[in-house]
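**Student:** Please find one structure pasted underneath; my questions will follow.
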Amino acid sequence: ALKISDTCINCDACPAECPNDAIAMGSMIYEINHERCTECVGHYDEPQCVAVCPVECIVKDPARAETPEQLQAKFERLQAA
Ligand code: SF4
Ligand code: SF4
């Protein structure tokens, strides 16, 4: 999964771009629900939130490293839910 770092400026550009509805406003900044973030695997060739973020504050979460196969499996679980 990806995560939003604390340099987020709350510009509101990314939530609407997420195909998994994984991004929402948190207590201070926008946050990614790691259980729903497939890094856009299954939907797009690249993470859509990263593509629109003007301050490049969305990064891979080192605590939530996943292989392409794991991300694909998460995509399929979300589709089935
Ligand atoms: Fe959503 Fe894709 Fe960003 Fe993950 S990488 S939060 S699935 S837009
Ligand atoms: Fe924050 Fe970037 Fe999303 Fe804007 S696009 S709300 S700066 S993470």
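Any read-out appearing in this document is the output of simple, stated calculations on the displayed coordinates, not a laboratory observation. None of these values were measured; they are calculated from a predicted model. Cβ placement follows ideal geometry from the backbone for every residue including glycine, while neighbour counts extend to all protein chains displayed.
**Student:** For the range 1-22, how many residues meet the condition of being under 18 Å from residue 66 (Cα atoms) and β-branched (Val, Ile, Thr)?
**Tutor:** Result for the range 1-22: 1.
**Student:** So, one more: Which pairs turn up if I take residues in the range 43-57 that are free of Cβ contacts under 8 Å to residues at least 40 places away in the same chain and look for partners that are more than 8 Å from ligand 1 (Cβ to nearest atom) with beta carbon separation below 8 Å, at least 6 apart in sequence or on another chain?
**Tutor:** That search, which allows pairs on different chains as well, returns 43/75; 52/13.
**Student:** Residues that are surrounded by 11 or more Cβ atoms within 10 Å (Cβ to Cβ), small (Gly, Ala, Ser) and within 8 Å of ligand 1 (Cβ to nearest atom): list the strands (runs of 3 or more DSSP E) wholly contained in the range 7-81 that include at least 2 such residues. Full working, then the answer.
**Tutor:** On the way: elements: 23-25, 30-32, 58-60.
So the answer is none; nothing clears 2.
**Student:** Of everything in the range 22-34 that's in contact (Cβ under 8 Å) with a residue 12 or more places away in the chain and more than 10 Å from ligand 2 (Cβ to nearest atom), which residue is nearest to residue 3 (Cα to Cα)? Give the steps one after another, and end with the answer.
**Tutor:** The initial filter retains those residues of the range 22-34 that are in contact (Cβ under 8 Å) with a residue 12 or more places away in the chain, namely 22-23, 25, 28-32, 34.
Add one more test, that the residue is more than 10 Å from ligand 2 (Cβ to nearest atom), and what stays is 22, 28, 34.
Working: 22: 11, 28: 14, 34: 8 Å.
Here the answer is 34.
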